[in-house]
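Report on the following structure.
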């Protein structure tokens, strides 16, 4: 109870400083924790060399796509799929950003797990193939009736 009371007595600046220190300590635990906890830095890296990233159609993207935000979701028939479960940073953007971020997340986790480089490469290749398979297997949707709606193809 004393901790809660002391946190409540902090000014906005003191609380921001405290929370930033806690976040930085968490991010220092591993490369994956850093990637996961620093969305701002990720987008700054992308902006440094914006011409090296392919440009996809503007669609709803997760914005913070890493493996910690993926998980099982079941439909009414009990079929389970692994999908993005954290949508609080969704934006209309370039789908390549989500693919790069999830690929970086997979690669840092694999590296922390001491998996061979070939395994990491296969994971990233499977990610790209799965994304492409999701795009190809969808039936085209006519969006002319609602031009302001962007459709995400998984």
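The values are calculated or read from the model by the stated rules, or taken from the named source; none is laboratory data. What you are looking at is a predicted structure, and each value in this text was computed from that prediction instead of being measured. Glycine gets a Cβ as well: all are built from the backbone with ideal geometry, and neighbour counts include every protein chain shown.
Tabulated data
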read-out	value
Residue among 71, 63, 56, 78 that is assigned to a loop (DSSP other than H, G, I, E, B), touching a strand residue (DSSP E or B) at 6+ places or on another chain (Cβ under 8 Å) and within 25 Å of residue 130 (Cβ to Cβ)	63
Residues located in region 101-154, provided they are more than 18 Å from residue 61 (Cα to Cα), in contact with a helix residue (DSSP H, G or I) (Cβ under 7 Å, 6 or more places away or on another chain), exposed (fewer than 14 other Cβ atoms within 10 Å of the Cβ) and at pLDDT below 85	112
Unmet criterion (only one of (1) in contact (Cβ under 8 Å) with a residue 12 or more places away in the chain; (2) out of contact with any helix residue (DSSP H, G or I) (no Cβ under 9 Å at 6 or more places or on another chain); (3) closer than 12 Å to residue 96 by Cβ) for residue 46	(2)
Residues of region 1-51 that turn out to be over 19 Å from residue 105 (Cα atoms) and assigned to a helix (DSSP H, G or I), as a count	21
Selected residue (criterion: nearest to residue 123 (Cα to Cα)) from residues of region 58-100 that are in contact (Cβ under 8 Å) with a residue 60 or more places away in the chain and in contact with a helix residue (DSSP H, G or I) (Cβ under 8 Å, 6 or more places away or on another chain)	61
